[in-house]
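> Mind looking over this structure? Questions follow.
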């Protein structure tokens, strides 16, 4: 029986008077690759950011690895170190090299020694294919390379869950492939992932489940073949017909 | 607590110092008003002159601005009031103050105006001149109105600093607010006049500080 | 106007030479005060900026702290240096607080510099893209580690032009302390002028000031040009 990594119970999020998430329920098991799709403003990014509390849920529970992380008393920094996040605009630390970007979390949060951290960082950089750029600063790297370093940075922490917020939306088309390749590799090796994306090709190949979000609710959920080939909900059909 | 009120907020002492302080207020207001006007005018003049790019003139202007900006106002004032008399130039305290503030302030303003003027693309000048406008007309009608908007934050900040600096005139025996307050203090043996003067300055300058913050916020949001 | 006097009265080599030791001690005092003021001013300014940005999100505490710090900063920005200094040196004794000219000067100007420094640091911190915070916090970094390793290094770098600008302004203003008889460069020059009945020491001091500040002003301009912003 697969382990339940994340459970979202009746999640609501208000921005002032505007209700952006209207009651999300989601279960994510180990090795699941969940793709969140839907039109702009549906709440996909907000949902993702509520999982590691970059946005504070207004109501509802987020239970990560058995721990209710919406509880005020929980050690948020420790929880966050076990959830990796990859951002649309990479958010690499510009004053640090690729290697330093990856070792920072290991040294400061995992309290590793520098040599140990650098060894681990080189391993993950190797995995994303950028070991030779370890000492480059972000401004010396292409967009695709920067995003791969960002993935390595999150990966170095050996997270139980990785969140991807439109990881390829800010990239030039010819650079998207290298990033998707890394993500496919991660999925194949069994990383539990939740990905907000418009790349349906990736969803088809790697997703174990696709969730269609619209106006703050999950309208439909199911394996990619079902969602893409025989969607049930009207809005899903409408959305997919515009994209595919 | 009572000690504080008696020594710093003593209305009786304030009433007795009234005449002295009013003289001070009048002097300070005249000093500030004239100094800011002259400094801005002088600064604008230097900036426009510099922009006209007469090759022999620029090094002189640059040298003047750099040297004067590196010299503290009070030093300049001391030179004017205590050194010049030795070669026969004897200025009364008020005019020594005006001269020092205008020369120094003017140098700073000229750099601010210059920055604003240079921020306007050459194309604007070229278009205006192509229409047949003279240099002065171009400056007055096309360049300066645009430049002024850009430089409002540093302009207000510098004006703020100039007004704050005007208090140095008290050191050459000008009966301005500060000097009168110190006189009143020795007369009444009470620090209330000094507190009153500080508050008077705050009354004038706090709105200016808020203005600076407002302009800076506006630039930040539009940029 | 007696121009022949310029050589005798303004550039009198003999007097200038004799005044040199006096001026030297004045210069040392000026530098001493400046260094202490810069150290305390930057330190306090940075701490205040950190407190202000750190509590900005919390509701009640954040608003109160923000208001108090803003009050502190605005009042100091609006106070003329000499008036404030006079108050500290001549007014505080009424409360039994008797400061030396050195400490009255240091406290007054450090406070003023700290106000400008707080504004500058705060603007620098707020200019850092939110994404940097989010990435660091997502890794599990604490608020302090995020500030120390990610935000501040970047914020301080963009603050440097404005900081140098204010430092030059404040250190020039410190010469006003000669008015309360702090034995700084200007005071010593005035004293020498009195002793020798000749204003050459004053010119000498002015030259020293310009030599001191000219490179600093140039540095500020260079930094402004390199790192943007019309301060």
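> Look at residue B:181 and say whether it is facing chain C (nearest Cβ under 8 Å), closer than 20 Å to residue C:176 by Cβ and touching a residue at least 60 places away in the same chain (Cβ under 8 Å). Before you say what the answer is, go through the steps one by one.
Details: facing chain C (nearest Cβ under 8 Å): yes; closer than 20 Å to residue C:176 by Cβ: yes; touching a residue at least 60 places away in the same chain (Cβ under 8 Å): yes.
Yes, satisfied.
> Pick out, from the stretch A:25-133, the helices (runs of 4 or more DSSP H) lying fully within it that include 2 or more residues that are touching a strand residue (DSSP E or B) at 6+ places or on another chain (Cβ under 9 Å).
Ranges flagged: A:44-51.
> Can you tell me which of B:174, B:187 is part of a loop (DSSP other than H, G, I, E, B), more than 10 Å from chain C (Cβ to nearest Cβ) and in contact with a helix residue (DSSP H, G or I) (Cβ under 9 Å, 6 or more places away or on another chain)?
Details: B:187 fails: part of a loop (DSSP other than H, G, I, E, B).
Of the residues listed, the single one that is part of a loop (DSSP other than H, G, I, E, B), more than 10 Å from chain C (Cβ to nearest Cβ) and in contact with a helix residue (DSSP H, G or I) (Cβ under 9 Å, 6 or more places away or on another chain) is B:174.
> A further question follows. Can you tell me how many residues within the stretch B:120-134 are closer than 15 Å to residue B:48 by Cα and surrounded by 14 or more Cβ atoms within 10 Å (Cβ to Cβ)? Can you show your working first?
The initial filter retains those residues of the stretch B:120-134 that are closer than 15 Å to residue B:48 by Cα, namely B:120, B:122, B:125, B:134.
Those left that are additionally surrounded by 14 or more Cβ atoms within 10 Å (Cβ to Cβ): B:120, B:125.
So the count comes out to 2.
> Taking residue B:106 as the residue in question, decide whether it is more than 10 Å from chain C (Cβ to nearest Cβ) and either over 26 Å from the mean Cα position of the chain (by Cα) or part of a loop (DSSP other than H, G, I, E, B) (or both). Lay out the reasoning, then the answer.
Working: more than 10 Å from chain C (Cβ to nearest Cβ): yes; either over 26 Å from the mean Cα position of the chain (by Cα) or part of a loop (DSSP other than H, G, I, E, B) (or both): no.
Against the criterion (more than 10 Å from chain C (Cβ to nearest Cβ) and either over 26 Å from the mean Cα position of the chain (by Cα) or part of a loop (DSSP other than H, G, I, E, B) (or both)), residue B:106 does not qualify.
> Then there's this: Go over the candidates B:127, B:100 one by one and state the one that is more than 8 Å from chain C (Cβ to nearest Cβ) and either on the phi > 0 side of the Ramachandran plot or without any contact (Cβ under 8 Å) to a residue 40 or more places away in the chain (or both).
Values: B:100 fails: either on the phi > 0 side of the Ramachandran plot or without any contact (Cβ under 8 Å) to a residue 40 or more places away in the chain (or both).
Result of the check over B:127, B:100: B:127.
> When residues of the stretch B:75-97 are filtered for being touching a helix residue (DSSP H, G or I) at 6+ places or on another chain (Cβ under 8 Å), surrounded by fewer than 22 Cβ atoms within 10 Å (Cβ to Cβ) and more than 13 Å from chain C (Cβ to nearest Cβ), how many remain?
Residues that pass the stated criteria total 2.
> Given the residues C:192, C:169, which is the only one that is closer than 30 Å to residue C:11 by Cβ, at the interface with another protein chain (Cβ under 8 Å from one of its Cβ atoms) and part of a helix (DSSP H, G or I)? Steps first, please.
On the way: C:192 fails: at the interface with another protein chain (Cβ under 8 Å from one of its Cβ atoms).
Answer to the selection: C:169.
> Further question: Just to be sure before I move on: is residue B:58 more than 14 Å from chain C (Cβ to nearest Cβ) and part of a helix (DSSP H, G or I) in the structure I sent? Quick ask: steps written out before the conclusion?
On the way: more than 14 Å from chain C (Cβ to nearest Cβ): yes; part of a helix (DSSP H, G or I): yes.
Taking the combined requirement at face value, the residue satisfies it.
> Here's something else I'd like to know. Under the condition of being within 7 Å of another protein chain (Cβ to nearest Cβ), out of contact with any strand residue (DSSP E or B) (no Cβ under 6 Å at 6 or more places or on another chain) and assigned to a helix (DSSP H, G or I), which residue from the stretch C:132-147 is surrounded by the most Cβ atoms within 10 Å (Cβ to Cβ)? Write out each step before concluding.
First pass over the stretch C:132-147, keeping only residues within 7 Å of another protein chain (Cβ to nearest Cβ): C:132, C:134-135, C:137-142, C:145.
Right, trim to out of contact with any strand residue (DSSP E or B) (no Cβ under 6 Å at 6 or more places or on another chain) and you get C:132, C:134-135, C:137, C:139-142, C:145.
If we keep only those that are assigned to a helix (DSSP H, G or I) as well, we get C:132, C:134-135, C:137, C:145.
Numbers: C:132: 18, C:134: 19, C:135: 28, C:137: 21, C:145: 19.
If we take residues in the stretch C:132-147 being within 7 Å of another protein chain (Cβ to nearest Cβ), out of contact with any strand residue (DSSP E or B) (no Cβ under 6 Å at 6 or more places or on another chain) and assigned to a helix (DSSP H, G or I), then C:135 is surrounded by the most Cβ atoms within 10 Å (Cβ to Cβ).
> Go through the stretch A:205-244 and count every residue that is part of a helix (DSSP H, G or I) and surrounded by fewer than 16 Cβ atoms within 10 Å (Cβ to Cβ). Steps first, please.
Here is the first cut: in the stretch A:205-244, the residues part of a helix (DSSP H, G or I) are A:205-206, A:224-229, A:234-243.
Within this subset, residues satisfying the condition of being surrounded by fewer than 16 Cβ atoms within 10 Å (Cβ to Cβ) are A:205, A:225-226, A:229, A:234, A:237-238, A:241-243.
Count: 10.
> Now for a separate question. Would you be able to say whether some residue in the stretch B:204-213 is facing chain C (nearest Cβ under 7 Å), farther than 30 Å from residue B:150 by Cα, modelled with pLDDT of 90 or more and assigned to a helix (DSSP H, G or I)?
No: the stretch B:204-213 contains no residue that is facing chain C (nearest Cβ under 7 Å), farther than 30 Å from residue B:150 by Cα, modelled with pLDDT of 90 or more and assigned to a helix (DSSP H, G or I).
> Looking at the structure I just gave you, is residue B:143 at the interface with chain C (Cβ under 9 Å from one of its Cβ atoms) and either buried (at least 17 other Cβ atoms within 10 Å of the Cβ) or part of a helix (DSSP H, G or I) (or both)?
Details: at the interface with chain C (Cβ under 9 Å from one of its Cβ atoms): no; either buried (at least 17 other Cβ atoms within 10 Å of the Cβ) or part of a helix (DSSP H, G or I) (or both): yes.
Criteria not met by residue B:143.
> Kindly establish whether residue C:111 is crowded, with 24+ Cβ neighbours inside 10 Å, closer than 20 Å to residue C:48 by Cβ and either touching a residue at least 40 places away in the same chain (Cβ under 8 Å) or more than 10 Å from every other protein chain (Cβ to nearest Cβ) (or both). Can you show your working first?
Details: crowded, with 24+ Cβ neighbours inside 10 Å: no; closer than 20 Å to residue C:48 by Cβ: yes; either touching a residue at least 40 places away in the same chain (Cβ under 8 Å) or more than 10 Å from every other protein chain (Cβ to nearest Cβ) (or both): yes.
When the stated conditions are applied, residue C:111 does not pass them.
> Hey, another quick one. Of all residues being surrounded by fewer than 18 Cβ atoms within 10 Å (Cβ to Cβ) and at the interface with chain C (Cβ under 8 Å from one of its Cβ atoms) in the stretch A:90-125, which is nearest to residue A:148 (Cα to Cα)? Just the residue, please.
Restricting to residues being surrounded by fewer than 18 Cβ atoms within 10 Å (Cβ to Cβ) and at the interface with chain C (Cβ under 8 Å from one of its Cβ atoms), the top hit is A:94.
> Among what's in the stretch C:198-223 and is at pLDDT below 90 and more than 9 Å from chain B (Cβ to nearest Cβ), pick the residue that is surrounded by the fewest Cβ atoms within 10 Å (Cβ to Cβ).
Among those residues, the one meeting the criterion is C:222.
> Scan the stretch C:74-91 residue by residue and report those that are facing chain B (nearest Cβ under 8 Å) and part of a helix (DSSP H, G or I). Explain how you work it out, then say what you get.
Residues of the stretch C:74-91 facing chain B (nearest Cβ under 8 Å): C:74-75, C:77-84, C:86-87, C:90-91.
Selection gives C:74, C:75, C:77, C:81, C:82, C:83, C:84, C:86, C:87, C:90, C:91.
The values are calculated or read from the model by the stated rules, or taken from the named source; none is laboratory data. The model shown is predicted, which means the values in this text are computed figures rather than measured ones. No Cβ is skipped: glycine too gets one built from the backbone with ideal geometry, and neighbour counts run over all protein chains shown.
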